Amino acid sequence: MKNYIEANSHFIIKFLASLLVAILLPLFIKTPFPLHVMILICIWAIMGMGWNFIGGYAGQVSNGHALFYGIGAYACGIGMKNFNASPWITMWVGVIISIGVAFVLGAPLLRLKGHYFALATMAIAECGRIIFLNWNYVGGATGVDFLNKAEPGWYTLQFTSKYPYYYIFLTFVVLILLLTKGLDKSKFGYYLRAIKANEDSAQSVGINTSRYKLLAFMLSAGVVSLAGSLYANYLQYIDPSIVMPLNVSMMICLVTVMGGIGTVIGPVIGAIVLTVISEYTRATFSSISGFDLFIYGALIIIIVLFLPNGLISLFRRKQKIRILTPLEMEERMR
Amino acid sequence: MNSILEIKNATKKFGGLIANDNITFSVQEGEIVGLVGPNGAGKTTLFNSVSGAHSLTSGQVVFNGEDITKKKPYEICKLGVGRTFQIPQSLNEMSVFENVLVAALNRHGSISVAKEHTQKVIAMCGLASFIYMHAGNLNVMQKKRLEIARALATEPKLLLLDETMAGLSGVERKEAINLIQRIKISGITILMIEHVMEVVMNVSDRVVVLTSGRLLAEGTPEEVTQNQQVINAYLGGMTN
């Protein structure tokens, strides 16, 4: 334990400092819009971290995670509207369904490599959207509106103020961040990185690659589903075009890739930067339609051009090619 | 001595091409067997069949009394067969240490135990000064060393070395021979593909010669070098 704290003192200090900022910041905010942006940051951070397991660590680029986002959202929506069930329970039902769907889909899909996997997941997510669009039980294209049915409170996870949402979502961000940190340097984390680097080579050193890819896919589906549940409760209205469109799948990738793919903190940084840019350009340039997307796109191109390894490379010293001297070697081997 | 690896009537066809034709031989525990033959003789194909990268068309591979013909590469590795690749397949974005650590996790569940084991293997293979370097930045010789280190870290009983000497200079070759002998002393059986005759003759206890997919000769290095058929196959003489 002591060793662990010593080895990660850097991370722990940064983590606690940013947590403090995240907790205190809303107290200085009096208008609802910045708080809305911060809530969205939390949602995208959870989604990015979820996608990071399969897309970042295992290197299997999925373009279909909107499916799990939708499943999570609908689990809460339908649960509240039809059964008056607490989102605290239905969000876990959503997670279990998503993990189950990921298990069934992952077995055949993860056999595909590279672009084919990306295309197949995209197609599956679109199928999911069309199924929900034509499914009367879940409200079809009109969606699920579960605002009127419930009284605000902890049981229904519906509040008139934005503050409780923010702090609940922040808790989830912290929990998933710690989960990622725990897995980062574990056997699971190393195995996923090995699969990303070279699948044949990974197999030759005893890694059951299909099993580990499937586990990563299920884990990431569960986490993204959780984000969907939280978002549905914040919005209190969902339909397939809000929670399952293609651009949600794309945004998940973008958040992670921009922030730093396959890193613990990268998706969170990506979520902060992208959400702030997107929401504020929309608010600022609302008079000229489409101009906000132009600015947004231009900024993304600039980031990708200058920081191909993601925004996280700003905070990281570049690792030099370093050969140890015999003295250092002896020190390390002791 | 009992045989650790038995290859029985191994045949591998790629469409109409017969890469391995009815090959039978066995490797005894604790020995070094050299697998030689001209280019295209089917040596690497045979290696891939043993390590599970593809399965045989017909025939059988038995490792330590267990039939591994239809097993997957990771299962075969778990049973105790380590392999290197002719073209080094290192995990380029990871450090040298992590490369070996991933392999060490094969037998050790806990990271800290695996790390200790990793350090031993790295020291043995002479890679200690490169542990922080990305595997992608290594040169060919270091990459081949890393291949051996990764295979060793899985704690195999049988090690398959695929041309680990090719492209090495004289001094580097001596170091590599030294490493192979140390691996043998630690109790690991070795089956190696090698083109460099100097190495094969010096380290092998027995030599198996393949040519165009068939087993041509088998015996001690001296026997094999005096075999007329082998000389013909290598020097292109008349075959009858």
Residue satisfying condition, being polar (S, T, N, Q), in a helix (DSSP H, G or I) and buried (at least 19 other Cβ atoms within 10 Å of the Cβ), within set A:ASN3, A:ASN52: A:ASN52
Verdict on A:LEU226 being modelled with pLDDT of 95 or more, more than 19 Å from A:TYR74 (Cβ to Cβ) and out of contact with any Cys (no Cβ under 9 Å at 6 or more places or on another chain): no
Restricting segment B:95-141 to residues that are at the interface with chain A (Cβ under 8 Å from one of its Cβ atoms) and of a type in the set (Phe, Trp, Tyr), the residue that is most open to solvent (accessible area, probe 1.4 Å): B:TYR132
Some residue of segment A:90-105 being out of contact with any helix residue (DSSP H, G or I) (no Cβ under 7 Å at 6 or more places or on another chain), over 26 Å from A:VAL268 (Cα atoms) and not assigned by TED's automatic domain parsing to the domain that holds A:TYR4: yes
Segment B:153-167: number of residues that are surrounded by fewer than 18 Cβ atoms within 10 Å (Cβ to Cβ) and at pLDDT below 90: 2
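Yes or no, residue by residue, for (1) within 14 Å of chain B (Cβ to nearest Cβ); (2) in a helix (DSSP H, G or I); (3) in contact (Cβ under 8 Å) with a residue 40 or more places away in the chain:
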{"position": "A:ARG129", "(1), (2), (3)": "no, yes, yes"}
{"position": "A:LEU147", "(1), (2), (3)": "no, no, yes"}
{"position": "A:TYR155", "(1), (2), (3)": "no, no, yes"}
{"position": "A:PHE169", "(1), (2), (3)": "no, yes, yes"}
{"position": "A:ILE176", "(1), (2), (3)": "no, yes, yes"}
{"position": "A:THR180", "(1), (2), (3)": "no, yes, yes"}
{"position": "A:TYR191", "(1), (2), (3)": "yes, yes, no"}
{"position": "A:ILE207", "(1), (2), (3)": "yes, no, no"}
Test: residue in segment B:215-233 that is within 16 Å of B:PHE47 (Cβ to Cβ) and surrounded by fewer than 23 Cβ atoms within 10 Å (Cβ to Cβ): yes
Test: residue in segment A:278-292 that is crowded, with 20+ Cβ neighbours inside 10 Å, free of Cβ contacts under 8 Å to residues at least 60 places away in the same chain and aromatic (Phe, Trp, Tyr): no
In segment A:209-222, the residues that are open to solvent by 10 Å² or more (accessible area, probe 1.4 Å) and either away from chain B (no Cβ under 13 Å) or acidic (Asp, Glu) (or both): A:LEU214, A:LEU215, A:MET218, A:LEU219
Leading residue by the ranking (surrounded by the most Cβ atoms within 10 Å (Cβ to Cβ)) among those in segment B:54-94 that are aromatic (Phe, Trp, Tyr) and in contact (Cβ under 8 Å) with a residue 24 or more places away in the chain: B:PHE85
Test for B:LYS174: is it surrounded by fewer than 18 Cβ atoms within 10 Å (Cβ to Cβ), within 23 Å of B:LEU46 (Cα to Cα) and among the basic types (Lys, Arg): no
Subset of segment A:127-165 [within 22 Å of A:LEU226 (Cα to Cα), polar (S, T, N, Q) and at pLDDT 85 or above]: A:SER161
A:PHE15 being in the same structural domain as A:LYS181 (by TED's automatic domain parsing), in a helix (DSSP H, G or I) and surrounded by 15 or more Cβ atoms within 10 Å (Cβ to Cβ): no
Criterion violated by A:THR121 - all others in (1) open to solvent by less than 20 Å² (accessible area, probe 1.4 Å); (2) more than 20 Å from A:LEU215 (Cα to Cα); (3) not hydrophobic (A, V, I, L, M, F, W, C) satisfied: (2)
Selection within segment A:213-256 - polar (S, T, N, Q) and part of a helix (DSSP H, G or I): A:SER220, A:SER225, A:SER229, A:ASN233, A:SER241, A:ASN247, A:SER249, A:THR256
Selected residue [under 18 Å from the mean Cα position of the chain (by Cα), part of a helix (DSSP H, G or I) and at negative phi] from A:GLY64, A:GLY100, A:GLY94: A:GLY94
Residue in segment A:184-208 that is surrounded by the most Cβ atoms within 10 Å (Cβ to Cβ), counting only those that are of a type in the set (D, E, K, R) and farther than 18 Å from A:VAL264 by Cα: A:GLU199
Tally of residues being facing another protein chain (nearest Cβ under 7 Å) and either over 15 Å from B:THR44 (Cα atoms) or touching a His at 6+ places or on another chain (Cβ under 8 Å) (or both) across segment B:74-89: 3
Among (1) open to solvent by 100 Å² or more (accessible area, probe 1.4 Å); (2) touching a residue at least 12 places away in the same chain (Cβ under 8 Å) - the single one A:TYR296 does not satisfy: (1)
Restricting segment B:5-24 to residues that are aliphatic (A, V, I, L, M) and surrounded by 13 or more Cβ atoms within 10 Å (Cβ to Cβ), the residue that is farthest from B:LEU160 (Cα to Cα): B:ILE18
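The values are calculated or read from the model by the stated rules, or taken from the named source; none is laboratory data. Every value quoted in this text rests on a predicted model; they were computed, and no experiment measured them. Here the Cβ is made from the backbone with ideal geometry for all residues, glycine too, and neighbour counts use every protein chain on show. Keep in mind that these areas ignore ligands, DNA and RNA; they rest on the heavy atoms of the full protein, side chains included. Shrake-Rupley method; radii C 1.70, N 1.55, O 1.52, S 1.80 Å.
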